[in-house]
Amino acid sequence: LGKVATGLTYAWSRIEDQLLNIPLPGFVGFSSQWQNAGTLESSTVEAYIETSLVDRPDLGWATRVNFDHTTQEITELGRAPYQTGFFYVRAGEVLGTFYGTRWAAGCGDLAADAQAGCDQFQVNDDGFLVWVGSGNSYQDGVSKDLWGTTGDVNGVGYNWGRPIKTITEDDGDFNRLGSTTPDFNLSWSNTVRWNNLSFYALLDGEFGADIYNQTRQWAYRDNRSGDMDQGSKAEGQQKSLNYYQDLYNVNQSSNWFVEDGTFIKLREAAITYRFNTDTVEQLFGGVIGGLSLNLVGRNLLTFTDYQGYDPETGSGASGSGGGSEAIGRVDNFGYPNFRTFSASLEIVF
């Protein structure tokens, strides 16, 4: 009792000549070729602490906390950089970083010619900078019948009240949207024993990873998203369907569908009852030396602000370009993790 065990592990690895599906020039006759290319360096820190808070013959309580953090970076490629799904493969890229369209949130995101007329723009209730024209508010769309109208600001045309793509120096669709790699993972397990009865519970959490909610995006395409229901919105905050079709972005990635995937789960809970050894031997004439009954539940509760069914989601190379579900954290109608319950009877002869 009172003793504490701790551990700290640091691991570093360098993987050379990874097997990558490299795009080829059009004149070759094939779109891509599997090649050995690229170097990936990874580092991981893991730590744990555990102790027994109570340790008596009739009562016990042991607890353990685990922490881990991993980063991975493409340090060499040896080929021209290329895009695969939501990701870019290039030297210096941190694995898990994904890109796409970012909607303007301030005048600095506008084209240079339009920035001089910034007084004609406002930030709406969704956090987007929209063109409203002189003397108008973004809340005037219905009352002044402004939805569907267009205007010109120093030679740049805009649709009234609708989102505007951020203008970047290189490419309007080349904006960092987030990272699918969590900042850290944390788990906490507890085992409580009272006479012959024991309880076990494991809380498991992932913190800081971003998820691309493509399931929500596709609902915009078909005008079936709850976001598009204007009946419950306050006066002045109603939007046109074209507003949401802009955000749909023809199924290209955009920051509107990037969500924080932080979660905490009651990963597992179990109850075990071990029958008294003397009683078991008397009942079965010494043939059985031990008997216990176990009830186990997994994925029982999830605490998260993520809008999808389950923040533990992802797609492989075909769905995201990430190469694996761990990296390609794209939600595209995948099944959530099942909640399961099981019972078992353990017999020791």
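The values are calculated or read from the model by the stated rules, or taken from the named source; none is laboratory data. Just so it is clear, the structure is predicted and the values come from calculations on it, not from any experiment. Ideal geometry is used to build each Cβ from the backbone, glycine not excepted, and the neighbour counts take in all protein chains shown. We work out accessible area using only protein heavy atoms, side chains counted, and drop any ligands, DNA or RNA first. Shrake-Rupley method; radii C 1.70, N 1.55, O 1.52, S 1.80 Å.
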Of all the strands (runs of 3 or more DSSP E) wholly in segment 253-349, which have at least 1 residues that are buried (at least 17 other Cβ atoms within 10 Å of the Cβ)?
258-260, 263-274, 290-304
Filter segment 199-242 down to the residues that are of a type in the set (Phe, Trp, Tyr) and in contact (Cβ under 8 Å) with a residue 40 or more places away in the chain, then identify the one that is least open to solvent (accessible area, probe 1.4 Å).
Tyr212
For segment 37-73, give me the residue count where each residue is over 23 Å from the mean Cα position of the chain (by Cα) and under 25 Å from Ala91 (Cα atoms).
3
Pair list, Cβ under 7 Å, 6 or more apart: segment 85-97 residue in contact (Cβ under 8 Å) with a residue 60 or more places away in the chain and within 14 Å of Arg176 (Cβ to Cβ), other residue open to solvent by less than 10 Å² (accessible area, probe 1.4 Å) and in a loop (DSSP other than H, G, I, E, B):
Phe86/Ser320; Gly96/Thr180
Restricting segment 186-201 to residues that are among the hydroxyl-bearing types (Ser, Thr, Tyr) and touching a Gly at 6+ places or on another chain (Cβ under 9 Å), the one farthest from Arg56 (Cα to Cα) turns out to be Ser187
Can you tell me which of Ser52, Ser42 is at pLDDT 90 or above, hydroxyl-bearing (Ser, Thr, Tyr) and surrounded by 15 or more Cβ atoms within 10 Å (Cβ to Cβ)?
Ser52
Anything in segment 10-39 that is open to solvent by 60 Å² or more (accessible area, probe 1.4 Å), touching a residue at least 24 places away in the same chain (Cβ under 8 Å) and hydroxyl-bearing (Ser, Thr, Tyr)? List them, or say none.
Tyr10
Between Gly161, Gly208, which is in contact with an Asp or Glu (Cβ under 8 Å, 6 or more places away or on another chain) and either at pLDDT 95 or above or of a type in the set (Asp, Glu) (or both)?
Gly208
Quick check: anything in segment 58-73 out of contact with any Ser or Thr (no Cβ under 7 Å at 6 or more places or on another chain), touching a residue at least 24 places away in the same chain (Cβ under 8 Å), part of a loop (DSSP other than H, G, I, E, B) and over 30 Å from Asn276 (Cα atoms)?
no
Determine which single condition Thr215 fails, assuming it passes every other condition in (1) of a type in the set (Ser, Thr, Tyr); (2) in a loop (DSSP other than H, G, I, E, B); (3) within 25 Å of Gly85 (Cα to Cα).
(2)
Is it the case that Val132 is over 27 Å from Tyr243 (Cα atoms) and either touching a helix residue (DSSP H, G or I) at 6+ places or on another chain (Cβ under 8 Å) or aliphatic (A, V, I, L, M) (or both)?
no
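Condition check ((1) in contact with a Phe, Trp or Tyr (Cβ under 6 Å, 6 or more places away or on another chain); (2) over 17 Å from Gly236 (Cα atoms)) across all residues:
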residue	(1), (2)
Phe98	yes, yes
Thr101	no, yes
Cys107	no, yes
Ala111	no, yes
Trp131	yes, no
Asn136	no, no
Pair list, Cβ < 6 Å and 6+ apart or interchain, from segment 147-160 residues that are hydroxyl-bearing (Ser, Thr, Tyr) to residues that are outside any strand (DSSP E or B) and modelled with pLDDT of 95 or more
Thr149/Trp160
Looking only at residues in segment 88-123 that are aliphatic (A, V, I, L, M), surrounded by fewer than 14 Cβ atoms within 10 Å (Cβ to Cβ) and more than 27 Å from Gly322 (Cα to Cα), which one is farthest from the chain's Cα centre (by Cα)?
Ala116
